C-alpha cells in the first residue's frame, strides 16, 4: 500500500510566523510548525505536502490538485477563514477529511474573527493550541482515514 499524503495549506501572513505578533502566534516559525506536522504524520504512516500562499486563488488551485493526489487536507486559512467563500467551495468539492487549524483561538479574539466559512466544510476545527494543533490535526486525520 502506498503512503497517503496530507496536503497542509497555510494562508496569508503565515510566512511571517516567528516575527509577526509573537504574543498572539508564538515565537515558532512556519517551518517549526511543519516539523511538528511532519513528525506527527510520519508517526501515522502519512506524508505531507505543503503550500503557503498569500493568494486565495493559489490555495484554491492547490485544493483542486489535492483531489487527485491527497487523502486529506489540513488548512490554516489565516484571515481567509472569515470570508474566502472560494476556499469554502473548493474544500466542499474535496472528498477526503478536512481539518481546520488555528494557532490562536479566533473565538477569543476580535468579533470579526468569530465566523469561519471553512468550518462548515471541515470535519473539525483545532484552535488555540499553537504547534500542538498540527499534531492534533494529524492525529485526527489518521483516525478519520482509518475509519473510512
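Structure data summary
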| read-out | value |
| --- | --- |
| The chain: calculated mean residue ellipticity at 222 nm from DSSP helix runs of at least 4, using -39500 (n - 2.57) | -11500 deg cm²/dmol |
| Rounded, prolate or oblate (a/c below 1.5 giving rounded, otherwise prolate when a/b exceeds b/c) for the range 2-67 by Cα gyration tensor | oblate |
| By average C-beta atoms within 10 angstrom, highest first, the peptides 136-143, 79-86 | 136-143, 79-86 |
| Linear extension gain, residue 67 paired with residue 146, 0.36 nm per residue minus alpha-carbon span | 26.6 nm |
| Radius, Kirkwood style, for the chain when every pair of distinct Cα atoms is counted (Å) | 15.0 |
| Efficiency of FRET from Cβ geometry, residue 82 and residue 39, R₀ 25 Å, rounded to 0.05 | 0.25 |
| Global form of the range 105-146, assessed from the alpha-carbon gyration tensor, a/c cut-off 1.5 | oblate |
| Contour minus Cα-Cα distance for residue 95 and residue 19 (0.36 nm per residue) | 23.8 nm |
| Residues of the range 49-76 with amide N under 20 Å of a point placed 7 Å along Cα→Cβ from residue 123 | 49-51, 63-76 |
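Each value in this text was obtained by applying a stated rule to the coordinates, not by laboratory testing. Just so you know, these numbers come straight off a predicted model, no measurement behind them. All Cβ positions, even for glycine, are placed from backbone atoms using ideal geometry, and neighbour counts span all protein chains on display.
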